[in-house]
Amino acid sequence: MSLMGCSFSILVCALWPIVAFIMPQHQLGTSYGCMQAIFNLGLAVTSQISGIIVDAYGYFILEVFFMTCLCVALIGSVLLYLVDASRGGFLNLSSNQRLKLKPKDTG
């Protein structure tokens, strides 16, 4: 459980800042709002599914469910990395490299 908690923390601290790099400035609030709504929906659905699994099958199968979710997230991360790499690797640039590519806001 501790490893899953640490993995989740790393995911969140890496995922949320990406929005500022890929979305236009005037859509950031909407983007973060949509992300938060989807995140809360996922928490609600996962809580319900977890309760059903524990009641029907026990805690071992619940851990299998959580590990399956982590494997799906890992596959999604690898796919995101590969798609980004095939399109030039914008998400993996350093902040200095990103500033050179991004046009300056004129106000």
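Taken together, the values in this text are just the output of simple stated rules run on the coordinates, not laboratory data. What you see is a predicted model; the values in this text were computed from it and never measured.
Tabulated results
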{"read-out": "Residues located in the range 1-14, provided they are more than 19 Å from LEU99 (Cα to Cα) and assigned to a helix (DSSP H, G or I)", "value": "SER2, LEU3, MET4, GLY5, CYS6, SER7, PHE8, SER9, ILE10, LEU11, VAL12, CYS13"}
{"read-out": "Tally, over the range 62-92, of residues that are small (Gly, Ala, Ser) and under 16 Å from the mean Cα position of the chain (by Cα)", "value": "3"}
{"read-out": "Filtered residues of the range 15-46 (kept if assigned to a helix (DSSP H, G or I) and more than 18 Å from the chain's Cα centre (by Cα))", "value": "GLN25, HIS26, GLN27"}
